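Visitor: Below is one structure. I have some questions about it.
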Amino acid sequence: MLIFIALNRIILFLVSFRPIFVAVNLKNVTMKTIKLTLLMFLFACVSFAGVSNSEKEALIALYNNTNGAEWNTTWDLDASIDTWHGVTVLDSKVIGLNLSFNNLQGVVPTEIGQLSNLEVLNLSFNKLKGDLPESISAMQNLLSLQLFLNQFEGEIPAWIGNLSNLEFLALYSNKFTGTIPESITNLIKLQSLELGSNYLTGNIPFNINSLKSLKKLSLLDNQLEGQIPESIADLVNLEELVLSSNNLSGTLPFELSQLANLKLVMVSDNELNNDYVTVVGDAPNKMSLYLEDTEVLASSQRIEE
């Protein structure tokens with residue numbers, strides 16, 4: 001509606017401004033034709049418009065803070081942003097940033113939060129360090145956050161639970177310490193949670209079963225302790241459960257055998273009451289959980305670590 005109001009005003013201006021349009025026979029030009037022509041012009045202007053100054057500022061801050069001149073594939077800052085390596089632009093908005101394996105070194109600047117339209121952020125396989133900037137919590141459209149194989153440190157921040165649309169979270173192979181924040185269980189759309197190979201302590205959150213969409217849970221190679229919560233068996237979509245190389249105690253919940261989609265179970269190198277065999281292949285409802293002697297979770301195809 002606002003566009004057509006603006007068009008009408010422009011048309012009235014053009015009609016009244018006779019010196020410019022002396023040669024135009026307005027009787028042969030319909031109002032509809034003028035509107036369509038101007039509308040196409042306006043849409044063309046929008047289509048060729050660049051991203052906002054705020055988003056451009058965020059990208060340049062990332063470039064400057066991570067030694068952009070030494071990236072494997074660098075950016076020509078004078079070129080159009082939609083030509084920059086790893087940057088996806090749609091409707092003049094930056095919706096994707098994939099700079100994995102690109103030799104980024106340094107810290108992620110606070111300005112990155114200005115990329116509020118991002119749906120995918122992948123900075124994996126680099127040499128990034130420091131804490132995760134809280135400004136990332138402003139990315140409410142974020143579906144995938146991939147920061148694995150870097151040198152990030154500090155605790156996994158509680159604000160990560162505010163990324164309500166997140167489906168994939170991979171923070172493995174960093175230097176994160178502290179406990180798994182309870183807020184992470186707010187991410188009810190999460191399909192994959194990978195926090196392995198850090199220095200995480202404490203227990204697996206009991207309310208992990210809030211993550212109803214979860215298909216992959218990988219917490220291996222940390223310092224987690226306590227028992228494996230039975231609530232994990234409520235994750236009916238779970239396909240992979242990887243808890244190896246921690247300090248977990250107790251037993252593997254028998255209820256896991258009811259998860260029809262579960263294809264991979266890894267719990268070796270813990271302090272469990274019994275030794276378990278890594279299971280690959282058949283779903284648990286086709287498996288047997290033996291509670292005598294060695295107590296193994298078995299399948300027709302199994303691999304012992």
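Visitor: Being over 24 Å from K189 (Cβ atoms) and either assigned to a strand (DSSP E or B) or aliphatic (A, V, I, L, M) (or both) is the filter here; which residues of the stretch 231-264 pass it?
Guide: N247, L248, S249, G250, L252 - these are the residues of the stretch 231-264 that are over 24 Å from K189 (Cβ atoms) and either assigned to a strand (DSSP E or B) or aliphatic (A, V, I, L, M) (or both).
Visitor: Being in a helix (DSSP H, G or I), β-branched (V, I, T) and either modelled with pLDDT of 95 or more or exposed (fewer than 15 other Cβ atoms within 10 Å of the Cβ) (or both) narrows it down to one of I34, I5, so name that one.
Guide: Matching residue, one of I34, I5: I5.
Visitor: Okay, next question. Which residues, taken from the stretch 162-191, are polar (S, T, N, Q), surrounded by fewer than 18 Cβ atoms within 10 Å (Cβ to Cβ) and not in a helix (DSSP H, G or I)?
Guide: Scanning the stretch 162-191 gives S164, N165, T177, T179.
Visitor: Enumerate the pairs (first residue in the stretch 179-204 and acidic (D, E); second residue anywhere and assigned to a helix (DSSP H, G or I) and at pLDDT 95 or above) with beta-carbon separation below 7 Å, excluding pairs fewer than 6 apart on the same chain, so at least 6 apart or on different chains.
Guide: From the stretch 179-204, no pairs qualify.
Visitor: Residues to consider are S183, S213, S197, S218; find the one that is over 22 Å from N270 (Cα atoms) and touching a Leu at 6+ places or on another chain (Cβ under 8 Å).
Guide: S213
Okay, residues lined up against (1) part of a helix (DSSP H, G or I); (2) loosely packed, with under 13 Cβ neighbours inside 10 Å; (3) in contact with a Lys or Arg (Cβ under 8 Å, 6 or more places away or on another chain):
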{"site": "V51", "(1), (2), (3)": "no, no, yes"}
{"site": "L59", "(1), (2), (3)": "yes, no, no"}
{"site": "Y63", "(1), (2), (3)": "yes, no, no"}
{"site": "T73", "(1), (2), (3)": "no, yes, no"}
{"site": "A79", "(1), (2), (3)": "no, yes, no"}
{"site": "H85", "(1), (2), (3)": "no, no, no"}
{"site": "T88", "(1), (2), (3)": "no, no, no"}
{"site": "L97", "(1), (2), (3)": "no, no, no"}
{"site": "N103", "(1), (2), (3)": "no, no, yes"}
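Visitor: Only one of S116, S137 is in a loop (DSSP other than H, G, I, E, B) and in contact (Cβ under 8 Å) with a residue 24 or more places away in the chain. Can you tell me which?
Guide: The conditions single out S116.
Visitor: Residue check, W159 against (1) surrounded by 22 or more Cβ atoms within 10 Å (Cβ to Cβ); (2) outside any loop (DSSP other than H, G, I, E, B), all met but one. Which one?
Guide: The number of the failed condition is (1).
Visitor: Restricted to the stretch 138-156, and to residues that are more than 16 Å from I188 (Cα to Cα) and within 9 Å of the chain's Cα centre (by Cα), which residue is surrounded by the most Cβ atoms within 10 Å (Cβ to Cβ)?
Guide: L147
Visitor: Going by what's in this entry, would L128 be described as in contact with a Leu (Cβ under 6 Å, 6 or more places away or on another chain) and assigned to a strand (DSSP E or B)?
Guide: So L128 fits the description; yes.
The values are calculated or read from the model by the stated rules, or taken from the named source; none is laboratory data. What you see is a predicted model; the values in this text were computed from it and never measured. Note that we place each Cβ from the backbone using ideal geometry, even for glycine, and neighbour counts take in every protein chain shown.
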